[in-house]
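> Below are the structure tokens for one structure; questions will follow.
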Amino acid sequence: MSSLPEIPANVLDAAERASVEELRTLQTERMAWTLRHAYANVPHYRAAFDAAGVRPQDFRELADLRHFPFTAKQDLRANYPFGMFAVPREQVARIHASSGTTGKATVVGYTASDLEHWAAVGARSLRAAGVRPGDRVHVAYGYGLFTGGLGVHYGAEALGCTVIPVSGGMTARQVQLIQDFEPDAICVTPSYLLAILDEMERQGVDPRATSLRVAVLGAEPWTDAMRAEIEDRMGVHAVDIYGLSEVMGPGVGNEDVGEKDGTYLWEDHFYPEIVDPETGAVVPDGEQGELVFTSLTKQAMPVVRYRTRDLTRLLPGLSRPMRRMERITGRSDDMMIVRGVNLFPSQIEEELLTVDGLAPHFLCVLTRPGRLDELCVRVEARDAAVDRGAAGERLAFGVKEKFGVTITVDVLEPGDLERSQGKAQRIVDMRAATS
Ligand code: DLL
């Protein structure tokens, strides 16, 4: 492995230096407040708590949380647009919303105090990633209703950085700005960073020779194999940032650049649980399941036991009292069931990156020509000299060996797959059209 840039020393904040006991005490106080606040001010929570036969005063310790009802994306949709707000609309300083490709958009709101907390966890996230006060930060997450751009923007400002708010798209210009403004860090989805990398190579710019020291990557699943690819080709530290709009936005958690071993969840603001996705039962730390969050400080839109559909497990903190989560395998919505076997796009990514000659771009196409589902993975050759037939066979063989799934692989010419400018779409489901 080639050497990566040095990271200046980090100074942890008070919450990051607290003991686990101190953190649990703080969480218990804040949780009691959140449950009271939600029950008193949001009709949905009042009805849901009443239906479950629980009251905020039934909460005495963190273990009591499991008696409270879950909140699902559907609940947010049913209360579109502002029904989940717990403060008068005049106190809502900002609105964001999810794209709503699968139904109505989910709307979220923030008071001025919520925005301050968000900026603080954003700053803490970037600092964990290796960004330092005074650094130049290129933001290539989309700006607008999506939380990515504005979320890391205010985090970077709060950290004391010079922010370059480029947003997504216009890839040639991204490359130009990186050369001209000499940023220390870039915040971007991993798939779009690959598009920027390709564009650098197309323009004859050496991706290892830029000013960049760290890439803060998130908003979609990515693997350690992808980290190795990016670190090797760009000579930057590639670090995970996690978040979701319903809970806050980017900066719900972040990896530590010195560890690169799991994403710290900022538990002083967001309380995590892992539950069995089928039964909803809480599972112990270390076991796989669905991540669920309860906000601890949010005024405008508290969330109680929000089901993220993200699958992971919790691990103890190494350098902080907060727990880490393992890299997200995928969303339960993105799980493909191919001939009875569960498979995530991230598993295809992992295997794909072990095959010489294949580029790290891919699309999973599901069809149902007969009675059974078929998965065709479309990938690209790294260059024209690659033996495409042999490379495709190697990928199909690897997926069969490792995950027990038979797939077909279509190896396209370099540049044939559409590049993402934000979150990559990894699955095209044509089963309804082909069955
Ligand atoms: O994607 C917030 C964000 C922006 C996070 C920029 C990080 C960087 P949503 O659009 O609401 O918010 O999508 C949230 O994206 O539930 C996960 O499924 C996925 N996701 C976000 N970060 C990661 C990550 C933003 N680091 C949904 N790894 C989440 C895997 C991620 N999946």
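The values are calculated or read from the model by the stated rules, or taken from the named source; none is laboratory data. As the structure is a prediction and not an experimental result, all values here were calculated from the model. Cβ placement follows ideal geometry from the backbone for every residue including glycine, while neighbour counts extend to all protein chains displayed. Only protein heavy atoms, including side chains, enter the accessible area calculation; ligands, DNA and RNA are left aside. Shrake-Rupley method; radii C 1.70, N 1.55, O 1.52, S 1.80 Å.
> Using the structure shown, decide if F362 is surrounded by 12 or more Cβ atoms within 10 Å (Cβ to Cβ), under 25 Å from the mean Cα position of the chain (by Cα) and under 16 Å from V428 (Cβ atoms). Even if it seems obvious, please write down each step before you answer.
Details: surrounded by 12 or more Cβ atoms within 10 Å (Cβ to Cβ): yes; under 25 Å from the mean Cα position of the chain (by Cα): yes; under 16 Å from V428 (Cβ atoms): yes.
Yes, satisfied.
> Out of the residues in segment 308-329 meeting the condition of being within 15 Å of the chain's Cα centre (by Cα) and of a type in the set (A, V, I, L, M), tell me which one is nearest to the ligand (Cβ to nearest atom). Spell out the reasoning first.
First, the residues of segment 308-329 that are within 15 Å of the chain's Cα centre (by Cα): 308-313, 324-329.
Checking which are of a type in the set (A, V, I, L, M) leaves us with 311, 325, 328.
Working: L311: 9, M325: 9, I328: 4 Å.
Taking the candidates together, the pick is I328.
> Which residue pairs have Cβ atoms under 9 Å apart, sit 6 or more places apart or on different chains, and have a first residue in segment 86-98 that is at negative phi and a second that is hydroxyl-bearing (S, T, Y) and surrounded by fewer than 19 Cβ atoms within 10 Å (Cβ to Cβ)?
A93/S113
> Now a separate question. Restricting attention to segment 233-255, report how many residues are more than 8 Å from the ligand (Cβ to nearest atom) and under 17 Å from D184 (Cα atoms).
So the answer is 7.
> Could you run through segment 316-334 and say how many residues are of a type outside the set (A, V, I, L, M, F, W, C) and farther than 17 Å from D268 by Cβ?
Keep residues of segment 316-334 that are of a type outside the set (A, V, I, L, M, F, W, C), which gives 316-317, 319-321, 323-324, 326-327, 329-334.
From what is left, the residues that are farther than 17 Å from D268 by Cβ are 326-327, 329-334.
Adding up the residues that qualify gives 8.
> Output the qualifying pairs, or none if there are none: Cβ atoms under 8 angstrom, residues six or more apart or on different chains, first residue in segment 170-195 and within 22 Å of E380 (Cα to Cα), second residue basic (K, R).
Here the result reads T171/R419; T189/K423; S191/R419; S191/K423; Y192/R419; L194/R419; A195/R419, each pair linking segment 170-195 to a residue that is basic (K, R).
> For segment 139-178, give me the residue count where each residue is over 18 Å from M200 (Cα atoms) and either at pLDDT below 95 or in a helix (DSSP H, G or I) (or both).
13
> A further question on this structure: Out of (1) on the phi < 0 side of the Ramachandran plot; (2) away from the ligand (no atom under 14 Å from the Cβ); (3) open to solvent by less than 10 Å² (accessible area, probe 1.4 Å), what's the single condition that is false for R305?
Looking at each condition in turn, R305 falls short on (1).
> Here is a further query. Under 8 Å between Cβ atoms, which residue pairs at least 6 apart in sequence (or on different chains) link something in segment 407-425 that is under 18 Å from E393 (Cβ atoms) with a partner that is in a loop (DSSP other than H, G, I, E, B) and open to solvent by less than 40 Å² (accessible area, probe 1.4 Å)?
V411/V386
> On to the next question. Of the residues that sit in segment 175-197 and are under 21 Å from G134 (Cα atoms) and open to solvent by less than 30 Å² (accessible area, probe 1.4 Å), which one is farthest from the chain's Cα centre (by Cα)? Don't jump to the end; show me each part of the working.
Within segment 175-197, the subset under 21 Å from G134 (Cα atoms) is 177-188.
Imposing the further condition that a residue be open to solvent by less than 30 Å² (accessible area, probe 1.4 Å) reduces the set to 177-178, 183, 185-188.
On the way: L177: 25, I178: 24, P183: 23, A185: 18, I186: 16, C187: 12, V188: 11 Å.
Among those residues, the one meeting the criterion is L177.
> Between a first residue in segment 134-154 that is more than 10 Å from the ligand (Cβ to nearest atom) and a second residue that is in a loop (DSSP other than H, G, I, E, B) and among the acidic types (D, E), which pairs have beta carbons less than 8 Å apart while being 6 or more apart in sequence or on different chains?
Correct list of pairs: D135/D184; R136/E182; R136/D184; V137/D184.
> When the residues of segment 215-230 are narrowed to those that are buried (at least 18 other Cβ atoms within 10 Å of the Cβ) and over 21 Å from T147 (Cα atoms), which ends up farthest from the ligand (Cβ to nearest atom)? It would help to see each step written out before you state the result.
Kept after step one, since they are buried (at least 18 other Cβ atoms within 10 Å of the Cβ), are these residues of segment 215-230: 215-223, 226-227, 229-230.
Remaining after also requiring over 21 Å from T147 (Cα atoms): 223, 226-227, 229-230.
Numbers: T223: 10, M226: 11, R227: 12, E229: 16, I230: 14 Å.
Of everything passing the filter in segment 215-230, E229 is farthest from the ligand (Cβ to nearest atom).
> Now for a separate question. Can you report the number of residues in segment 358-387 which are over 11 Å from P414 (Cα atoms) and not acidic (D, E)?
Residues of segment 358-387 over 11 Å from P414 (Cα atoms): 362-378, 387.
Among the residues that remain, those that are also not acidic (D, E) are: 362-372, 375-378.
Summing the residues that are over 11 Å from P414 (Cα atoms) and not acidic (D, E) in segment 358-387 gives 15.
> Name every residue in segment 378-430 that is farther than 16 Å from G357 by Cβ and open to solvent by 50 Å² or more (accessible area, probe 1.4 Å), in order of residue number.
Across segment 378-430, the qualifying residues are K400, E401, K402, T406, T408, E418, R419, Q421, K423, Q425, D429, M430.
> Something else now. Quickly run through segment 115-134 and pick out the residues that are in contact with a Lys or Arg (Cβ under 8 Å, 6 or more places away or on another chain) and open to solvent by less than 30 Å² (accessible area, probe 1.4 Å). So that I can check it myself, show each step before the final result.
If we filter segment 115-134 for residues that are in contact with a Lys or Arg (Cβ under 8 Å, 6 or more places away or on another chain), which is where we start, we get 115, 117, 130.
Residue satisfying the conditions is G130 alone.
> Looking at segment 330-349, which of the residues that are more than 9 Å from the ligand (Cβ to nearest atom) and in contact with a Pro (Cβ under 9 Å, 6 or more places away or on another chain) is most open to solvent (accessible area, probe 1.4 Å)? First the steps, then the outcome.
So the first thing to find is which residues in segment 330-349 are more than 9 Å from the ligand (Cβ to nearest atom), and the list is 332, 335-345, 347-349.
Then keep just the ones that are in contact with a Pro (Cβ under 9 Å, 6 or more places away or on another chain); that gives 332, 336, 344-345, 349.
Numbers: S332: 46, M336: 3, F344: 18, P345: 14, E349: 6 Å².
If we take residues in segment 330-349 being more than 9 Å from the ligand (Cβ to nearest atom) and in contact with a Pro (Cβ under 9 Å, 6 or more places away or on another chain), then S332 is most open to solvent (accessible area, probe 1.4 Å).
> Another question about this same structure. Considering only segment 23-43, state which residues are touching a helix residue (DSSP H, G or I) at 6+ places or on another chain (Cβ under 9 Å) and more than 22 Å from M301 (Cα to Cα).
L23, R24
> Let me ask another. Tell me which residues, restricted to segment 5-44, are of a type in the set (S, T, N, Q) and in a helix (DSSP H, G or I). Break it down into steps so the answer makes sense when it comes.
Here is the first cut: in segment 5-44, the residues of a type in the set (S, T, N, Q) are 10, 19, 25, 27-28, 34, 41.
Passing the criteria: T25, Q27, T28, T34, N41.
Quick grid of which residues meet (1) of a type in the set (A, V, I, L, M); (2) assigned to a helix (DSSP H, G or I); (3) touching a Gly at 6+ places or on another chain (Cβ under 7 Å):
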position: R66; (1), (2), (3): no, yes, no
position: Q74; (1), (2), (3): no, yes, no
position: R77; (1), (2), (3): no, yes, yes
position: K104; (1), (2), (3): no, no, no
position: W118; (1), (2), (3): no, yes, yes
position: L126; (1), (2), (3): yes, yes, yes
position: P133; (1), (2), (3): no, no, yes
